[in-house]
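These notes are about the structure you will find just below.
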Amino acid sequence: MGHDESHNEIKEICDPVVEMKDLDRYYNRDNFAPDDLANPCGLIPRSWNNDTYLLAHSSDPDVLIQIKRDDISWKIDKDEKFKRNSDEKLQWLDVEDEFFINWMSTAGLPNFLKLYGRIEEDLKSGDYLLRVNNTYSVDDFNG
């Protein structure tokens with residue numbers, strides 16, 4: 001772990017998303033040239049779901065229930081596998097974000113769940129409102 005890869009090694013591992021221009025909708029970053037290596041690279045980070053969610057009880061919709069996004073990934077992934085580049089400007093997203101770490105974990109079966117966060121408070125019975133801030137672009141596949 002932690003060694004430099006050549007451009008050819010990265011191309012072999014990450015194809016078809018190797019360079020920033022391969023990220024399509026994510027490419028519009030001022031600090032990247034089209035031929036810069038995409039870091040992170042590959043199809044899984046390209047499909048990164050950046051939607052956010054707010055949860056509230058229907059009886060008090062202005063009081064949000066906290067959804068914590070720390071301590072939701074495996075310790076070995078956080079401590080060893082997913083680390084920021086020493087120059088963070090070389091990365092187009094935060095690889096230490098724990099939801100991203102979970103997103104990057106590939107599933108062994110066709111049906112799977114990816115942990116978004118955790119709720120540590122007791123929830124009262126009743127109806128809840130879930131607000132989705134849908135920021136994931138579906139233009140690539142006419143969704």
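The values are calculated or read from the model by the stated rules, or taken from the named source; none is laboratory data. These figures come from a predicted structure and were not determined experimentally. Methodologically, a virtual Cβ is constructed for each residue, glycine included, from the backbone with ideal geometry; neighbour enumeration extends over all protein chains shown. Surface areas here come from the heavy atoms of the whole protein model, side chains and all, with no ligands, DNA or RNA. Shrake-Rupley method; radii C 1.70, N 1.55, O 1.52, S 1.80 Å.
Below is a table of values for the structure above.
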| read-out | value |
| --- | --- |
| Selected residue (only one of 71, 62, 35 is modelled with pLDDT under 90 and either among the acidic types (Asp, Glu) or in contact with a Pro (Cβ under 7 Å, 6 or more places away or on another chain) (or both)) | 35 |
| Single residue of 124, 83, 89 found to be under 30 Å from residue 35 (Cβ atoms), touching a residue at least 12 places away in the same chain (Cβ under 8 Å), out of contact with any Leu (no Cβ under 7 Å at 6 or more places or on another chain) and assigned to a loop (DSSP other than H, G, I, E, B) | 83 |
| Among (1) open to solvent by 40 Å² or more (accessible area, probe 1.4 Å); (2) in contact with an Asp or Glu (Cβ under 6 Å, 6 or more places away or on another chain) - the single one residue 43 does not satisfy | (2) |
| Condition met for residue 142 (at positive phi, modelled with pLDDT under 90 and either open to solvent by 70 Å² or more (accessible area, probe 1.4 Å) or touching a helix residue (DSSP H, G or I) at 6+ places or on another chain (Cβ under 7 Å) (or both)) | yes |
| Top-ranked residue of segment 46-77 - restricted to ones that are part of a loop (DSSP other than H, G, I, E, B) and among the hydrophobic types (A, V, I, L, M, F, W, C), ranked as least open to solvent (accessible area, probe 1.4 Å) | 72 |
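For every residue, the table says whether it meets (1) open to solvent by 100 Å² or more (accessible area, probe 1.4 Å); (2) over 28 Å from residue 24 (Cβ atoms); (3) modelled with pLDDT of 90 or more; (4) not aliphatic (A, V, I, L, M).
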residue: 86; (1), (2), (3), (4): yes, no, no, yes
residue: 90; (1), (2), (3), (4): no, no, no, no
residue: 99; (1), (2), (3), (4): no, no, yes, yes
residue: 106; (1), (2), (3), (4): yes, no, no, yes
residue: 114; (1), (2), (3), (4): no, no, no, yes
residue: 118; (1), (2), (3), (4): no, yes, yes, yes
residue: 136; (1), (2), (3), (4): no, no, no, yes
